[in-house]
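First comes the structure, then the notes that go with it.
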Amino acid sequence: MEPVIAQKAPFGKELQPGTYWWCACGRSQNQPFCDGSHKGTGFAPVKFVLEESKKVWLCGCKHAHTPPFCDGTHKNL
């Protein structure tokens, strides 16, 4: 099963320190974060932790080889 492409560009987010769950299935209504929509799909969210406030570029196409972060894969879809 292939993930749903939420968008063919990364999500740029200014995030505070903490634990986050990135949506890997593309079905979440709270992109790029998980809302539980993956249940029954075989996909699972990807946990990541930030130790400091920073801007991150989270994958929107759900095909990056470096999840949850964008690696430019969307340019080839």
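Values quoted throughout were computed directly from the atomic coordinates according to the rules given, and no laboratory measurement underlies them. None of the values given here were measured: they were computed from a predicted structure.
Using just the Cα positions, wrap the range 11-76 in a convex hull and report its mean projected area in square nanometres, one decimal place.
Working: hull surface 17.6 nm².
Projected over every direction and averaged, the Cα hull of the range 11-76 covers 4.4 nm².
Length gain on complete extension for the stretch residue 55 to residue 4, per 0.36 nm per residue less the alpha carbon to alpha carbon distance?
Details: separation 51, 0.36 × 51 = 18.36 nm, distance 2.43 nm.
Roughly 15.9 nm would be gained on extension.
Subtracting the Cα-Cα distance from 0.36 nm times the residue separation, let me have the gained length for residue 16 to residue 39 in nm, one decimal. Kindly include the intermediate steps, with their values, before the conclusion.
Working: separation 23, 0.36 × 23 = 8.28 nm, distance 2.72 nm.
Additional length available on full extension: 5.6 nm.
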